[in-house]
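The values are calculated or read from the model by the stated rules, or taken from the named source; none is laboratory data. Note that the structure is predicted; figures quoted are calculated from it, not measured. Note: ideal-geometry Cβ built from the backbone for every residue, glycine included; neighbour counts use all protein chains shown.
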Amino acid sequence: MIKLIGVAIVILGFALKMDNIATILVAGFVTGLVSGMDVVKILQTIGSSFVANRSMAIFIVIMLVTGTLERNGLREMAARLIAKIRNATAGIVIAAYGVLRLILAAFNVSLGGTAGFVRPVVMPMAIGAVEAKHGHADEKHVEELKGMSAGMENVTWFFGQVLFIGGSGALLVQSTLKNLGYETDLAELAKIEIPVAVFALIVAAVIYILKDRRLEKTLYTQKNGK
C-alpha cells in the first residue's frame with residue numbers, strides 16, 4: 001500500500017497548486033525509494049520513460065511556447081496583420097492556410113496542429129478579417145470559424161501526409177493494400193494521391209468560403225437591421 005504514496009503526493013501537490021513538474025518528479029522519486037530502487041535506478045527509469053515518450057514531451061513544449069506567445073500578444077498581432085490586407089475575408093484566410101498546410105504536410109512538416117497553430121494564429125486572423133469589415137464578430141460566427149479552421153487542418157493533414165514517401169500515413173496505406181493482395185510502390189502511391197489531395201483542398205476551400213459569405217450576410221443584416 002505504501003507504494004501508492006506517489007499518487008497521494010501528486011494529489012496533494014496539485015491541490016496546493018505547487019509546481020506540477022516538481023510534484024511529479026518528487027512523487028516518482030518517493031515511489032522508487034519505497035519500492036527499493038536506488039537513486040541511479042530511479043534516474044535511469046525516468047530518463048528511459050522520457051525518451052520513450054519524447055513525442056508527448058515535444059507536444060508539451062509546443063503548448064508552452066504557444067501559451068507564452070499568446071500571452072505576449074501573438075493573437076493581437078495576427079489580427080492586426082490580416083486587418084491591413086484589403087478584401088481579406090475569413091474564408092479566404094482559412095483557404096490560404098489550407099494551401100500552406102497541404103504543401104507542408106507533403107514534406108511531413110507539422111505546424112503544431114489545431115492547438116499549436118490554428119487557435120493562436122489562424123483563428124485570430126480569420127476573426128480579424130471579419131472585424132475589419134464589420135466591426136465585430138458575434139459568438140455564432142466565431143464558433144463557426146473555429147469549426148472551419150479545424151476542419152481545414154484535418155482535411156489537409158489527412159490527405160497531405162500520404163504525399164510524404166515513408167510517412168506513417170503512406171506506410172499504413174501500403175501495408176493495408178498489401179494485406180489485401182495489392183503490391184504498391186510508395187512513390188506511385190504519392191503520385192496517385194496528389195490529385196486526390198488537391199481536389200479535397202479545393203472542395204474544402206469552396207465550402208468554407210461560401211459558408212463564410214453566408215455568415216457575413218447574416219452579420220451585415222444584423223448590423224444594418226435589414
Original post:
Inside segment 182-209, can you point out the residues that are in contact with a helix residue (DSSP H, G or I) (Cβ under 7 Å, 6 or more places away or on another chain) and either more than 16 Å from Gly98 (Cα to Cα) or of a type in the set (D, E, K, R) (or both)?
Top reply: Thr184, Leu186, Leu189, Ala190, Glu193
**OP:** Looking at (1) modelled with pLDDT under 75; (2) outside any helix (DSSP H, G or I); (3) of a type in the set (A, V, I, L, M, F, W, C); (4) out of contact with any Asp or Glu (no Cβ under 8 Å at 6 or more places or on another chain), find the lone condition where Ala115 falls short.
**Re:** (2)
Subject >> Pair list, Cβ < 9 Å and 6+ apart or interchain, from segment 99-125 residues that are not assigned by TED's automatic domain parsing to the domain that holds Gly147 to residues that are of a type in the set (Gly, Ala, Ser) and surrounded by fewer than 16 Cβ atoms within 10 Å (Cβ to Cβ) >> reply: none
Original post:
When only residues in segment 145-163 that are over 15 Å from Ala200 (Cβ atoms) and surrounded by fewer than 20 Cβ atoms within 10 Å (Cβ to Cβ) count, which is nearest to the chain's Cα centre (by Cα)?
Top reply: Ala150
